[in-house]
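S.K.: Input: one structure, supplied below.
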Amino acid sequence: MKDLAEILVYIVVTGIFVYSVTLICFYVFIGINSINETREYLNKNEITDYRLLAASPHAPTVSILAPAYNEGATIVENVRSLLSLYYNKLELVVINDGSKDDSLQKLIDAYQLEKVEFYVNYRIPTQEVKAVYKTKHPAYNKLVVVDKVNGGKADALNVGINIASNDYIICIDADCILEHDAILKMVKPFLEEGEAKVIASGGVIRIANSCEITNGRLTRVYLPENYLARMQALEYIRAFLLGRMAWARLDGLLLISGAFGAFDKEIAIRCGGYNIDTVGEDMELVVRMRRYMHEQDIPYKVTYIPDPLCWTEAPETGTILNRQRNRWTRGTIETLRFHRKIFLNPRYDLLGVISYPYWLFFEMLAPLIEFIGFIVFLLMAFWGLINWHMFFAFLLFIIFFGYLNSIFAIYMEVFTYNQYRRRKEIFKLILAALSEPFFFHPFVVWAGIRGYFDFFRKRKAWGEMTRRGFSKPKAQA
């Protein structure tokens, strides 16, 4: 019996070791590609005059879709921010998804909205549109507000797609603050397309907690004071500036954040819009659009932009953060399950043989494998099967590599866009990286495990994502 236990333990330990080494190799590979992609982007855009694009009669028409559910704390300020964006051919569609708070009334009062007759072409089936509002005020003539029966974020975005009158759509969260030139930079890849059609473009998301927001505009960037928000700031730098830039270079990107992404509207409609049967509708749409282009044998690409163009409010409590990560895990599982045909299928090129397997083994299964590894460790310790010298050497190597990856991400941030300009803030980011393996990371893993439980329980709810709203921070030394 003991011999059998030792064999099983050996197999599990060897598997975890191979898994860890493979993941480390991927991280190195991603780091190298992110450097090259970011350098190329900076060199190519150094001499770009975005004012010419803004004034060009050939600039593409864009509709911003902003679904809102119980966003009364921030809705007026955020819409004001979106209306001030520097782009001529712009339409802003705010979709009130049956909010139970005063979100709609605040918009009506702030922007002098009136109900109008409006024909909705239901090219994508959705919940009923109850009313469409516009204003006669010339400063707000780009604004369209839709009031609909509650159906969830995906359904609200589909309503926005049906109503949008322009060729390209930019889907954002209603609580986001965009830089004034965000639309100009997001549409540039669509203008540069050659034989390969650009079907989607993503942008970097940054954390706005503790930043100074005045009249819907980001006026001063600060590192979040709250520990959980600060950890997410570090996490987002790693994920967006390294991971997604590298996958964009390889043309293997599977995810564009639902908080800020641009899409070819016609392709999105042909693919059926957002899937209302998943809580990971942003990732699922990108995978479905890519799959559609492969199956139609149409050359295409999905691009990514490293500029810090979009700022959002991150959860500051463990309860809200747990709901968010739980939902992300369920959304990843659902998306990969819907599109399992891609797995190791050479018909889908790199998407099938590298991107999908990476997301399956190192994103979806990562919390489960870490949790199983921890259980195996406890059992091995109980049975006295651990070589402690090797264990601590391996543990220190993994922790050190994690630190190295985080420090590299911070280095990339400082020497590219350098949003946190004070040395004190960079030092705090480094301290956050040092504490991550012992506090933040175990919390995220456990949230992922709970996501697995909820997936098998067929739980579909998003969970309430309470917003504090943007406020002027206290003076910082």
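The values are calculated or read from the model by the stated rules, or taken from the named source; none is laboratory data. No experiment lies behind these values; they were computed from the predicted model shown. Positions of Cβ are backbone-derived with ideal geometry, glycine not excepted, and every protein chain shown enters the neighbour counts. When the accessible area is computed, the model is the full protein with side chains, heavy atoms only, and any ligands, DNA or RNA have been set aside. Shrake-Rupley method; radii C 1.70, N 1.55, O 1.52, S 1.80 Å.
S.K.: Which of the residues that make up region 183-195 are open to solvent by 30 Å² or more (accessible area, probe 1.4 Å) and in contact (Cβ under 8 Å) with a residue 60 or more places away in the chain?
M.R.: Result: Lys185, Leu191, Glu193, Glu195.
S.K.: Exactly one condition in (1) among the hydroxyl-bearing types (Ser, Thr, Tyr); (2) open to solvent by 20 Å² or more (accessible area, probe 1.4 Å); (3) touching a Ser or Thr at 6+ places or on another chain (Cβ under 7 Å) is false for Thr278; which is it?
M.R.: Every condition holds for Thr278 apart from (2).
S.K.: Hey, among the residues in region 187-197 that are touching a Phe, Trp or Tyr at 6+ places or on another chain (Cβ under 8 Å) and aliphatic (A, V, I, L, M), which one's farthest from Leu90 (Cα to Cα)?
M.R.: Going through the qualifying residues, I end up with Ala196.
S.K.: Moving to a separate point now. I'm trying to understand the selection: among the residues of region 342-359, which are open to solvent by 40 Å² or more (accessible area, probe 1.4 Å) and in contact (Cβ under 8 Å) with a residue 12 or more places away in the chain?
M.R.: Phe343, Leu344, Arg347, Asp349, Leu350, Ile354
S.K.: Name the residue that is farthest from Lys142 (Cα to Cα), counting only residues in region 66-87 that are over 19 Å from the mean Cα position of the chain (by Cα) and among the hydroxyl-bearing types (Ser, Thr, Tyr).
M.R.: Across region 66-87, the extreme among qualifying residues is Thr74.
S.K.: Which members of region 207-235 meet the condition of being of a type in the set (Lys, Arg) and surrounded by fewer than 23 Cβ atoms within 10 Å (Cβ to Cβ)? Even if it seems obvious, please write down each step before you answer.
M.R.: The first filter runs over region 207-235 and keeps only residues of a type in the set (Lys, Arg), leaving 217, 220, 230.
Across region 207-235, the qualifying residues are Arg217, Arg220.
S.K.: Only one of Val159, Val198 is among the β-branched types (Val, Ile, Thr), open to solvent by less than 10 Å² (accessible area, probe 1.4 Å), part of a helix (DSSP H, G or I) and under 17 Å from Lys265 (Cα atoms); which?
M.R.: Every option except Val159 fails the conditions.
S.K.: Quick one: in region 405-426, of everything that is in contact with a helix residue (DSSP H, G or I) (Cβ under 9 Å, 6 or more places away or on another chain) and within 24 Å of Leu23 (Cβ to Cβ), which residue is surrounded by the fewest Cβ atoms within 10 Å (Cβ to Cβ)?
M.R.: Looking at the filtered set, the residue picked out is Ile407.
S.K.: Within region 244-255, how many residues are farther than 13 Å from Lys301 by Cα and open to solvent by less than 20 Å² (accessible area, probe 1.4 Å)?
M.R.: Qualifying residue count, region 244-255: 2.
S.K.: Give me a count of the residues in region 276-325 that are touching a residue at least 24 places away in the same chain (Cβ under 8 Å), in a loop (DSSP other than H, G, I, E, B) and among the polar types (S, T, N, Q).
M.R.: Within region 276-325, residues that are touching a residue at least 24 places away in the same chain (Cβ under 8 Å), in a loop (DSSP other than H, G, I, E, B) and among the polar types (S, T, N, Q) number 2.
S.K.: Further question on the same structure: Based on what the data block shows, is Thr312 under 18 Å from the mean Cα position of the chain (by Cα), of a type outside the set (D, E, K, R) and farther than 18 Å from Val198 by Cα?
M.R.: So Thr312 passes the test.
S.K.: Do any strands (runs of 3 or more DSSP E) entirely within region 12-128 hold 2 or more residues that are surrounded by fewer than 17 Cβ atoms within 10 Å (Cβ to Cβ) and of a type in the set (D, E, K, R), and if so, which?
M.R.: So the answer is 113-116.
S.K.: Still on this structure, please answer the following. Given (1) within 23 Å of Ile342 (Cβ to Cβ); (2) modelled with pLDDT of 95 or more; (3) open to solvent by 30 Å² or more (accessible area, probe 1.4 Å), where does Val287 come up short, assuming only one miss?
M.R.: It fails just one condition, (3).
S.K.: Quickly run through region 430-477 and pick out the residues that are open to solvent by 60 Å² or more (accessible area, probe 1.4 Å), at pLDDT below 95 and within 19 Å of the chain's Cα centre (by Cα).
M.R.: Matches in region 430-477: Trp462, Glu464, Thr466, Arg467.
S.K.: Shifting gears a bit: For Arg238, state whether it is open to solvent by 40 Å² or more (accessible area, probe 1.4 Å), in contact with a Lys or Arg (Cβ under 9 Å, 6 or more places away or on another chain) and not in a loop (DSSP other than H, G, I, E, B). Write out each step before concluding.
M.R.: Numbers: open to solvent by 40 Å² or more (accessible area, probe 1.4 Å): yes; in contact with a Lys or Arg (Cβ under 9 Å, 6 or more places away or on another chain): no; not in a loop (DSSP other than H, G, I, E, B): yes.
Against the criterion (open to solvent by 40 Å² or more (accessible area, probe 1.4 Å), in contact with a Lys or Arg (Cβ under 9 Å, 6 or more places away or on another chain) and not in a loop (DSSP other than H, G, I, E, B)), Arg238 does not qualify.
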